[in-house]
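Structure first, commentary second.
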2 protein chains.
Amino acid sequence: MKYFVTGGAGFIGSNLVDRLLSQGHEVTVFDNFSTGITEYLENAKKYSGFTLIKGDILDQDLLNRAMSGCDFVFHLAANADVRFGTEHPAKDLHQNTIATFNVLEAMRENSINKIAFSSTGSVYGEAKVIPTPEDTPFPVQTSFYGASKLAGEGLIEAYCEGFGFRSWIFRFVSILGERYPHGHVFDFYQQLRDHPDRLDVLGNGHQKKSYLYVQDCLDAIFTAIQKSHEKVNLFNLGTDEYCEVNDSIGWICTHLGLEPDIHYTGGARGWIGDNPFIFLDCQKIRALGWTPKYTINQGIIKTLEFLQNNPWLLERRK
Amino acid sequence: MKYFVTGGAGFIGSNLVDRLLSQGHEVTVFDNFSTGITEYLENAKKYSGFTLIKGDILDQDLLNRAMSGCDFVFHLAANADVRFGTEHPAKDLHQNTIATFNVLEAMRENSINKIAFSSTGSVYGEAKVIPTPEDTPFPVQTSFYGASKLAGEGLIEAYCEGFGFRSWIFRFVSILGERYPHGHVFDFYQQLRDHPDRLDVLGNGHQKKSYLYVQDCLDAIFTAIQKSHEKVNLFNLGTDEYCEVNDSIGWICTHLGLEPDIHYTGGARGWIGDNPFIFLDCQKIRALGWTPKYTINQGIIKTLEFLQNNPWLLERRK
């Protein structure tokens, strides 16, 4: 099989690419490196079946040509920064909604009809049912990120109905693990590296969050693609547990042997549009035999260890 | 109040404009006349408070300038042709999703924060619950039109959360009545005018459809805006009855005194992406005191009478 991976130089994308290559597949990565990281493809470059195309999904012609000969598309490229949506609403529209449309059109141009898509638990807005199942009551959007991903889901579903595509749509909780280059673990570690005696925390620390370790996430994606063959295959991906930001702070500080003063900005939300609690009901993917191998605590420590072993990743952000 | 009405030269838009002007409001219509009809604004042009701006919503600068000084936006402009989505998927993306984004940005530019939006029952895809309430299980999209309107809803909701907008989102069944220039009543009447002895019908005639008369629709919109003041006010708009296409054929033929041979193309759907049954639970809007004054049968006859009295509308389509 020849796979096309948009956003393949990113956190989840590059881990996926390594997995696909190790399984003996050919992989073409398409990434504009706006947030993708060259170093994440060092392993991939060792494989003869690996092709890297630097390009922007908004360049439809280049995308069409790049996808030629592929059998299956993983569309992971996105503006994944949910926090700053109100600062640039056009970014989510272009990089998530229109970009997804372009990917679908390129697939049609190249007679490819299978797509896996990284959506988000943010499409549930402030869910009325928690843990939230895939068929929860029709949600109201609360973020530009969630709205743009919902629009992407809708487009994919319309292509499935109208053009005989098959899709696997994954609504993720936050994913963490090796190569995660932002998010609270990154921020907290960066702060504590700079000033081990003080930690600034957005919100009141009681925000409840659910996380999934990236390798568990990939296991779930492959399980769904292998075992679920509807026209549209929609799956929540998360663990059956959650934590508060304060729990995570405790695990991180214990691991680092630090006891910083913690300063909270206050409020139940970290920022406008922040969802205080995303917790997904993952019975549907579990019913296919998948189960996560790592707890949230373990995933956070693995992320932290990766950052400790790769100080270049923190240096380059300064 | 000064109202801005996108798509104000269209079927629902021009009826709304007449209503607003008769209430003594100022109205600016913004329409590109891609499907808008100049004659529909003949009455409006008699009012000094009426302004017509011919322009395309995809022209953000013009839209920004046109909206200056307005207090409230009715965003009705859209590609409303659900049937031919697969022939031009980009059309729904541009004219519905991106257009809605542009309207929201123009509002932000002009410090306007109230919007009413014409969405559609098509966002429910093939609903699992019928009649379908607003909070039905999270639907899967089946048409480009539905997907593009869902994307518009999501954008509006994100602006409400992120920028303090207030919105009234209406999920319509098919609307009919005076000035309805397409749809099955138009098509059937046009056919029977050309050849009174033969009627060609898409599908098997058993497709169930729900319709709402345009003046009832406007009553419901004003009721919702006056009485519902949440951040996001979502309402289904329809009647509590439905009909089969065959019922409508019977009413139309009886009214016209014709007994044509009826030829069905066959199949449960009129076309790919056609939803065989959109029937909305309208308890939420009814709880505000609104009730439709006309039955589907009466609405169809009113549409027919309008077409009989306005043959120019059929001539111009030839």
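Nothing in this text is a laboratory measurement; each read-out follows from the coordinates by a stated rule. Everything numeric here is computed off the predicted structure, so don't read it as measured data. Cβ: placed from backbone, ideal geometry, glycine included. Neighbour counts: every protein chain shown.
Overview of values
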read-out	value
Ranked packing of A:19-31, B:88-100, B:44-56, most packed first, by mean Cβ within 10 Å	B:88-100, A:19-31, B:44-56
Choice from A:Ile112, A:Ile262, A:Ile252 with maximal GNM fluctuation in chain A (Cα, 10 Å cutoff)	A:Ile262
Most fluctuating residue given options B:Leu176, B:Leu202, B:Leu304, as computed from a GNM of chain B linking Cα atoms under 10 Å	B:Leu202
Teacher prompt: A:Glu39 distances to equivalent labels in other copies, 7 Å Cα→Cβ, nm	7.0
Highest-fluctuation residue, B:Phe33, B:Phe163, B:Phe306 considered, GNM on chain B with Cα pairs under 10 Å	B:Phe163
Sorted by Cβ density within 10 Å, fewest first, the residues B:Lys114, B:Lys128	B:Lys128, B:Lys114
Residues with amide H under 5 Å from that of A:Asn79, placed H, sequence gap 5 or more	A:Asn96
FRET E, pair B:Asn43, A:Glu259, Förster distance 60 Å, beta-carbon r, rounded to 0.05	0.20
Exercise: per-residue mean of other protein chain Cβ atoms within 10 Å, A:93-106	3
Pairs beyond 25 Å (Cα-Cα), from B:Lys149/B:Lys208; A:Lys91/A:Lys302; A:Lys54/A:Lys114	A:Lys91/A:Lys302
Cα centroid of segment A:73-112 to Cα centroid of segment A:174-229, whole Å	22 Å
Cβ neighbours within 10 Å from other chains - mean over B:132-139	5
Whole-Å distance, taken between Cα centres, linking segment A:280-295 and segment B:279-318	49 Å
Two-site label geometry, A:Phe84 and A:Gln60: point separation in nm, points 7 Å out along Cα→Cβ	2.9 nm
Residue and distance (whole Å) for the chain B Cβ nearest the axis that superposes B on A	B:Ala151, 2
Segment B:His182-B:Phe163, length gained on full extension (0.36 nm per residue, minus Cα span)	3.1 nm
Peptide B:157-168, shielding by other chains (average Cβ, 10 Å cutoff)	5
At 7 Å out from Cα toward Cβ: A:Thr86 inter-copy label distances (nm, ascending)	4.3
Segment A:117-166-segment A:13-35 distance, computed between alpha-carbon centres (Å)	25 Å
For B:Arg286, label point 7 Å along C-beta direction: distances to other copies, nm	3.9
Residues A:Arg179, A:Arg193, B:Arg316, sorted so that the one with the fewest Cβ neighbours within 10 Å comes first	B:Arg316, A:Arg193, A:Arg179
Which of B:Tyr159, B:Tyr40 has the fewest Cβ neighbours within 10 Å, and the rest in rising order	B:Tyr40, B:Tyr159
